[in-house]
1. Below 9 angstrom from the Cβ of residue B:179, what's the summed charge of the other residues (Lys, Arg +1; Asp, Glu -1)?
2. For the charge dipole of the protein assembly as shown, defined by +1 on Lys and Arg C-beta atoms and -1 on Asp and Glu C-beta atoms about the Cα centroid, which residue among A:125, A:372, B:158 has the Cα displaced farthest towards the positive pole?
3. Express as a percent, rounded to the nearest 5, the fraction of DSSP beta bridges in the protein assembly as shown (both residues included) that run antiparallel.
4. So between residue A:81 and residue A:337, what do we pick up on full extension, going 0.36 nm a residue minus the alpha carbon distance?
5. Have a look at B:31, B:108, B:71 and tell me which one the Gaussian network model of chain B (Cα, springs below 10 Å) gives the largest fluctuation.
6. Sorted by mean Cβ packing within 10 Å, highest first, what order do the peptides A:325-336, A:413-424, A:67-78 take?
7. Need one number: nm distance between label points at residue A:400 and residue A:55, each 7 Å from Cα along Cα→Cβ, rounded to one decimal.
8. What does the charge add up to near residue B:15, with Lys and Arg as +1, Asp and Glu as -1, over the other residues with Cβ less than 10 Å from its Cβ?
Amino acid sequence: MTAENQLVPEKAELGGKRLGMVVEGSLSMGLKVRLDRSTFVEDMSVGRYVTIRGQKDYFLGMVTGIELGAADDRLASSPLDAADPFIVEAVAGSATYGLLHVMPQVKLGRRAIDLTEGAKPVKTVPAHFSAVWESSQRDIELVFGKEDERRFYLGTPLDMETQVCLDLVELTKRSNGVFGKSGTGKTFLTRLLLIGILQKGAAVNLVFDMHSEYGWEGRSETNYKVKGLKQLFPSKTAILTLDEESTRRRKVSPDGVVKIGYGEIEPEDIELLRQTLNLTEPSVQAVYQFSREFGRDGWLSGLLARRTEEETAELLARLNVHESTYRNLLRGMERLRRLPFLVDEASHLPVQRIMEYLDRGVNVVLEFGRVTSPESYILVANMLTRRIHEQYVERTEMALGEGRQPPRPLVITLEEAHRFLSHEVAEQTIFGRIAREMRKYNVTLLVIDQRPSGIDEEVMSQLGTKITCLLDNERDIDSVLTGVAGKSELKGVLARLESKQQALIFGHAVPVPVVIRTREYGSADSYRGLGVAHGADAKRRSGEDAREVWEG
Amino acid sequence: MTGAIAEPSRVGEVVEASTASFVAQCYELHQPPPLGSLVRTRAGSIMIYAIVFNARTGSIEPGRRPIARGQEEEEEGDIFKSNPQITKLLRTDFEAVVVGYRDELLHQYLPPAPGHIHSFVHICEKKEVEEFSGRLDFLDIILESKILLGVDELVGASLRYASGAHADPRAFLVEAGRALASSLGGDLHRLNSLLKRLK
Ligand SMILES: Nc1ncnc2c1ncn2[C@@H]1O[C@H](COP(=O)(O)OP(=O)(O)OP(=O)(O)O)[C@@H](O)[C@H]1O
Ligand SMILES: [Mg+2]
């Protein structure tokens, strides 16, 4: 037997303790594991990992269900003296016992050589009586790797201290989603992802920060402050704001203030706002007529210009627009006009400025301050993204033609994503398009939402990796899990996550679905961990920023 | 209740032997080993272990029953003083169910051959009880034995007795309870009543 074929010594993997043994199983339905009597059933939790030591191979599996079993099915009409602790102690584990349902997810080799090859898909089931153990650190590392220049430590598996790492380079190759009902930890998790993407240099971020919580200080529910990107990585982050006053009041000095000129608003932007502004279909069509009349950058000023009644009547007649349609459109546009960041000038949009930041690898956070109305959020995010995407398309195509370096990969983070990606609008919005075209032009989305069922099915199916905190609405759970292998088992797992700081991750960037307890964020320790927990090179690139903040 | 382990001693001789059990006559009238205690007897090169049940005292001649003699006496003990011959007319026997044997090793299954008539029977010493009851396979032999006395009574008695040989009697009984639960898990009613006898 060569060294490579030698079995890994049992001792090296004794990370934990034996939990039980396999008593039943099938590839499609998973395994039933009878718990040893030394394993207390209440210590088990759905979503945790176990390692099944088959005779030839080891398997990593997720606990997807827990059950109580009894050798005598008359237990329900119990003749057992359950008040007697002696009797209860004696029968636990034999006459009565706990059962785990386990979904084997990957095969881990047992031989030394397998360790270098990593995990393989499961094509069989472990034999009867295979022992089931707590997974060891080695098992988890074999599957998720260690933190390195691509992988970022995002959390720990349930009931374990080992790190689950996410390959962020792989992650950002597609659009991804962070889901979970309100208050489950989406924003905290996203902060970590953004930091990871920044530290690993996987992409540059553009964040539409609707609630002003990513750039500078955010608050936790218990009201302690947590740091934003700019505080941790000042030279790698630019904060732009739509509401300078609010930003300054929070003692943040923005790197720029965003104003939007009337001329910047294009008919396509209005289409997206149809529902929000209560526009009728003919009104949206009328926008195109006005734009033919006054030009693409003059139509809004033209529409809103003062006119006498006769002039109006004459204009409407010429454009063949109905009076009621006109009123409807005007009402909607008046609402836009009240947006504080809109100015009656042709051009103001800081697209060039943002592009310069992104080109230099500086992450851009756009704060909305107090202007959190849906119309402003939709309008601004959509307008900016459309134009930035245009530039990316142009540059990627040029780069292709001229054999040059394509632009830096860009991740656009979008809270309340269903506003841009609902079934009704996903077809038309730039966001729907980005989600569908994957990384063709080096732009992907990180969508964050508490009601994933509000997002277009096709877009959902395009998301490469989904990270989902607790969801309790059946439709939301279904929409997140559509098309996933082992859906019904994962459903049980998802519905039983803790209400905070736990997430189920599955898809492209992880070899197997995994439940994590999200890494702590917000304590001094957590910043320190983020500052030093990466390779020497990466440390030089971004760690200095972090050190300034928590040492200074 | 968990009893103390009886003093090791030679208590009698085998007077009837079969593979699964034997009958021994006690040397002392009214002094059988306790119910459930572990005894041993030699059969050639092997040592047979058995658990005591069903002790009885009666006339040495089958069919002749002792007659009452105490009408004129003050105390029960005086009967024996006045009639010293009756201790010779009475005998105490006990039965023991064979639960294992030792050749080089200790086995908890039936020996290849039964015990020998007139072999001495000893009460095992504490260390032997502890060693023997360190494994619980013998419980299944008792559970399946065809003895007249209630089998479950004997299981309970033997375990209570053996528990006295262990440093932590309760832990021993819990362990034994678990062994019973895995043998009798399909019959919770019986298990429950058996477990109650272990305390
Ligand atoms: N990784 C974490 N580290 C520390 N605290 C956390 C973490 N994740 C969640 N929390 C706690 O949970 C609370 C809610 O988290 P968060 O604000 O991220 O929820 P959310 O899903 O974004 O909610 P909403 O939908 O309302 O925006 C936080 O205020 C914090 O107290
Ligand atoms: Mg949030």
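1. Values: positive: B:178; negative: B:137, B:140, B:175.
That sum, taken over residues with Cβ under 9 Å, equals -2.
2. A:372
3. On the way: 89 of 121 bridges.
Approximately 75 percent, going by the DSSP bridge assignments.
4. Values: separation 256, 0.36 × 256 = 92.16 nm, distance 7.64 nm.
Length gained between residue A:81 and residue A:337: 84.5 nm.
5. Looking only at B:31, B:108, B:71, the largest GNM fluctuation is found for B:71.
6. A:413-424, A:325-336, A:67-78
7. Rounded to a tenth, the inter-label distance reads 5.5 nm.
8. On the way: positive: B:91; negative: B:13, B:16, B:93.
Result for the local shell: -2.
The values are calculated or read from the model by the stated rules, or taken from the named source; none is laboratory data. Values in this document were obtained by computation on a predicted structure and should not be read as measured data. Because the Cβ atoms are built from the backbone with ideal geometry, glycine has one as well, and the counts that use them run over all protein chains shown. Accessible surface areas use protein heavy atoms only, side chains included; no ligands, DNA or RNA. Shrake-Rupley method; radii C 1.70, N 1.55, O 1.52, S 1.80 Å.
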